[in-house]
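Notes follow the structure.
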């Protein structure tokens, strides 16, 4: 008997190996998406292929090598654990074997690969759950567009439902708060809490992207859940690319300034990331740690992403239940 529905978890993507060749292929697909870089193709294509894909792959490959795991890239390894945990939780709760597949917007496993597995399982209804709490055209919007492209050749389309965002979902906020509380309990004290989100060009927000508002709302709700005073937390944006102005304040500049001010202890969390990846493990936990410490700061502590924590799996199950009512 076919399952009532299937779940498609989607994250950004990853190179297949920490090599220049694999990184070049991955970046070529990722940075060629107009949802990510919306410059006219006649301007952007020569820059991408003539400059960026010649210079950046060796450096990025070295960064990936520093965080690579036995199971592959952290994003993929953790994504697989999330996939298995959600499937097990759904089966325990519903008494049914609900197919759960993992797909990446760029690279493998592709939308097509995951979609074929759901089709082979007899699934005709699919809940698409992008692992992005805050909506942006560059992430969730790109998932929708990539999925539409994957479905173009299909003679029969499945019934689809799409989780647009969950930036203020109570179970998401509680999962974040639980991870922070656990971190503080482990270390026995509290540092100044920095909530660092992946940045996007400011122009995108000026043109209507709701991402910045979603990030601010998440931060305020998390601070409230933790009963933090205004001076005990701060929000910033990381991972900017190119010369265009991105959302501010910037994480690296914030940590350099805090280091120079001799801030004794900083705890950094990245709420926009559902799974640890290059941007958290190498950029936040390594690169930005150096900025802070070399500038004169004290203790620097990174709070891991929600990954496959029980509270996170519970949130994912709740999102599935809420968005499959009636199926």
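Here are some notes:
Table: residues versus (1) surrounded by 12 or more Cβ atoms within 10 Å (Cβ to Cβ); (2) in a helix (DSSP H, G or I); (3) in contact with a helix residue (DSSP H, G or I) (Cβ under 7 Å, 6 or more places away or on another chain); (4) modelled with pLDDT of 95 or more.
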residue: 35; (1), (2), (3), (4): yes, no, yes, no
residue: 38; (1), (2), (3), (4): yes, no, no, no
residue: 45; (1), (2), (3), (4): yes, yes, no, no
residue: 48; (1), (2), (3), (4): yes, yes, no, no
residue: 58; (1), (2), (3), (4): yes, yes, yes, yes
residue: 61; (1), (2), (3), (4): yes, yes, yes, yes
residue: 65; (1), (2), (3), (4): yes, yes, no, yes
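- Any hit, segment 282-291, residues being farther than 21 Å from residue 66 by Cα and either in contact (Cβ under 8 Å) with a residue 12 or more places away in the chain or assigned to a helix (DSSP H, G or I) (or both): no
- Extreme residue, surrounded by the most Cβ atoms within 10 Å (Cβ to Cβ), among residues of segment 193-221 that are without any contact (Cβ under 8 Å) to a residue 24 or more places away in the chain and not in a helix (DSSP H, G or I): 207
- Residue among 240, 190 that is surrounded by 17 or more Cβ atoms within 10 Å (Cβ to Cβ), touching a residue at least 24 places away in the same chain (Cβ under 8 Å) and in a loop (DSSP other than H, G, I, E, B): 240
- One residue alone among 101, 91, 71 is modelled with pLDDT under 95 and within 27 Å of residue 309 (Cβ to Cβ), and that residue is 71.
The values are calculated or read from the model by the stated rules, or taken from the named source; none is laboratory data. Everything numeric in this text was worked out from a predicted model, so none of it was measured. Every residue, glycine as well, gets a Cβ built from its backbone with ideal geometry; the counts of neighbours run over all protein chains shown.
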